[in-house]
1. Kindly state, as a whole number, the per residue volume in cubic angstrom of the convex hull around the alpha carbon atoms of region 164-222.
2. In debye to the nearest 20, how big a dipole does the chain give about its Cα centre with +1 on each Lys and Arg Cβ and -1 on each Asp and Glu Cβ?
3. Could you grab the relative contact order for the chain? Cα pairs under 8 Å, six or more apart, rounded to a whole percent.
4. Have a look at 124, 75, 86 and report the one farthest towards the positive end of the charge dipole of the chain, computed about the Cα centre with Cβ charges (Lys/Arg +1, Asp/Glu -1).
5. Taking the Cα-to-Cβ direction at residue 248 and at residue 292 and moving 7 Å from each Cα, how far apart do the two end points lie in nm?
6. If you count only protein heavy atoms with a 1.4 Å probe, what accessible area per residue comes out for region 62-102, rounded to a whole Å²?
7. Out of the total accessible area of the chain (probe 1.4 Å, heavy atoms of protein only), what percent is carbon and sulfur?
8. Would you list the P(r) distribution for region 19-102, with all Cα-Cα distances sorted into 10 Å bins from 0 and each bin expressed as a whole %?
Amino acid sequence: MPEDAVAATAGLLRGMLRSRSAYRQRWIRHAQRMRTDDINFAAVSQVVALHLWDQGIVADSDRDLPRRLRDRIRNALRGEQLSYETLTWMIEAFDFTIEDTHEIWDTYAGSEADGIGADGISSTLRTPPVPMVSAQQHETKALFSRYFINSDMQLEKIETSHAMVALEDGVDTFGYSPRDTLTGVQVIAGGSFGEYRNSVPGFIGVELRLDRTLRVGQHASLQYFTTHRGTPEPCTQVRRAARSRINDFDMRVIFDGVRPARAWWCAWDGYDGGTTVLKVPVDLTALHELHRFLTFAEHTVVGFEWEW
């Protein structure tokens with residue numbers, strides 16, 4: 001990320017946190033003392049920590065979190081170091097408006113979505129993400145997804161292979177939120193089905209249990225598939241969200257007895273609906289499939305769209 005984009009985004013954040021009454025009130029109530037009219041980094045860190053606890057991103061037993069966040073928040077607001085993850089946390093923690101969210105991401109990534117490259121895609125989201133099923137304690141090292149479209153032009157099944165590494169001790173579950181057309185989950189290797197969780201309309205939370213509890217740095221892999229019910233209209237799109245970074249992401253759509261007339265590789269600015277920020281025509285492979293490989297995907301929603 002260019003230094004000038006980071007500095008500009010940091011300046012925009014500081015201005016909003018000072019001047020927007022709704023945002024200022026969120027952090028100022030946690031400020032133990034105010035020596036100047038400038039932003040209190042400890043207070044902002046407390047707001048972000050409360051959000052991470054509330055969303056299950058970090059266990060609420062981790063009471064040292066606000067102190068650990070302080071340097072990260074200070075560096076972000078000073079424009080010294082501002083990651084996609086930190087910026088996402090701040091936008092969500094302060095419940096930024098859609099307009100402010102657009103302005104921040106446009107400043108950080110560019111209004112022409114310059115986070116989109118030939119090898120990877122990042123920072124296209126402009127709307128709040130789907131709530132996490134459970135705290136994300138891993139990094140995805142590789143993800144392979146296969147979407148099966150049947151002869152009735154409906155999504156029938158999604159097969160997924162997921163390699164991950166633990167970012168802390170005690171990692172024993174993996175959670176995600178597929179569309180609510182889901183009718184079943186079967187784990188083939190690496191774990192077992194845990195339970196369904198409530199999510200926002202249009203999605204359902206799924207928690208899988210790993211075969212073993214991981215310590216920080218340990219790797220694990222899961223293979224599982226989900227089955228899906230048909231919808232009144234033919235399926236014309238599949239999406240995969242990347243809230244945090246996904247490395248080596250391979251996505252394939254397999255058609256059984258039917259072929260799309262035209263197809264595109266896309267990225268969107270929202271989990272559901274939203275605006276298409278990238279739409280590139282693609283051809284079927286020799287096996288009559290749609291296929292794309294990315295070295296990384298982060299803070300984005302990508303997939304294929306087609307016409308019958």
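The values are calculated or read from the model by the stated rules, or taken from the named source; none is laboratory data. Computed from a predicted model, the values in this text were never measured in an experiment. Reconstructed Cβ throughout: ideal geometry from the backbone, glycine too, with neighbour counts over all protein chains shown. Note: areas computed on protein heavy atoms with side chains; ligands, DNA, RNA excluded. Shrake-Rupley method; radii C 1.70, N 1.55, O 1.52, S 1.80 Å.
1. Working: hull volume 4.7 nm³, N = 59.
Normalising the Cα hull of region 164-222 by residue number yields 80 Å³.
2. Values: 34 positive and 42 negative charges, 168 e Å.
So the dipole magnitude of the chain works out to roughly 800 debye.
3. Here the relative contact order equals 17 percent.
4. Going by the Cα projections, it comes out as 75.
5. 2.1
6. On the way: 2070 Å² over 41 residues.
Normalised by residue count, the accessible surface of region 62-102 is 51 Å².
7. Working: 6800 of 14780 Å².
With neighbouring chains kept in place, the figure for the chain is 46 percent.
8. 17, 53, 28, 2
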